Amino acid sequence: MLTTSTAPHMPAPLPWGKSGHRLFVRLAATGEDIQASQRLRYEVFSREMGSQFKNSHQSLDQDHYDDYCHHLQVLDRATGSVVGTTRLLTVSNAVKCGGFYSEHEFELDGLFPLPGRVLEIGRTCIHPDYRRGSTISLLWAGLAQFITLHHIDYLIGCASIPLGDGYYQVYAALNYLRQDHPAPAHLAVKPVLPLPHDKEVPADRSSLPPLIKAYLRLGASICSEPCLDLEFNTADLFIFLDIKHLNPRYQRHFIDRDFEAEICAHSVD
């Protein structure tokens, strides 16, 4: 297990977005910026999806990982509101905070040490009024810059499927993934808290949440059976992406593209 230390210095925000475009992407630079992401996460995960948080009286989704993460944000210029967010945890900061978030849901010993730099992505959400291609594309564009500038080799994280009534959606999605997107055996990890039972239900791609579909389009592998997340009332899957195997279409669109401004030109510590 990794050991704890101090939180990272947060970077100054350097927004990216074409002049005149309503949305832009940046890294949070202040405590107020981070709280804006936590507030959006609370609105999506708690009010919309029914997750139960210990600090619900503050209308914030907070945990101890937040102080060690870089928080990527999509903002609306017209309102100044954060409308999309995800958080990024590097290996060096995972060491400081006691490990990756994924480690409390999955046994990752077989994956480490990987021969390169690992970045964990998590707590990704989009405001319901902005769930369209341009918002998630900006979030991916910011992520791509971070990956490129800091020479990230592997992307990991957890992606969730709502439990729903009798886990039907979970197993419809799982059966589709097992059939059409089998993970390489050497990347398989075990959930700490597996679902209590399996169900024979037809494979159904439409049961996949949009975020998991987005990861698959990028070229990611789903490397686990689901872990039961009682706090979020979801079944979580472990995501793994070797940047060398990034879908060429997204490589051209995000990685090989010249951006008007650098959003991540700072230490990843």
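Computed values, structure above
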quantity: Taking the stretch 103-240 and dividing mean pair separation by its residue count, relative contact order in percent (alpha carbons under 8 Å, at least six apart); calculated: 31 percent
quantity: FRET efficiency, Glu200 to Glu107 (Cβ-Cβ, R0 30 Å, nearest 0.05); calculated: 0.65
quantity: The stretch 23-255 - percent relative contact order, Cα under 8 Å, separation 6 or more; calculated: 20 percent
quantity: The stretch 23-255 shape via C-alpha gyration tensor axes, a/c threshold 1.5; calculated: rounded
quantity: Cα→Cβ-extended label distance, 7 Å offset, between Asn233 and Arg131, nm; calculated: 1.6 nm
quantity: The stretch 27-151 shape via C-alpha gyration tensor axes, a/c threshold 1.5; calculated: oblate
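Read the figures in this text as sums done on the coordinates, not as results from a lab. What you see is a predicted model; the values in this text were computed from it and never measured. When we count neighbours, we look across all protein chains shown, and the Cβ atoms used for this are built from the backbone with ideal geometry, even at glycine.
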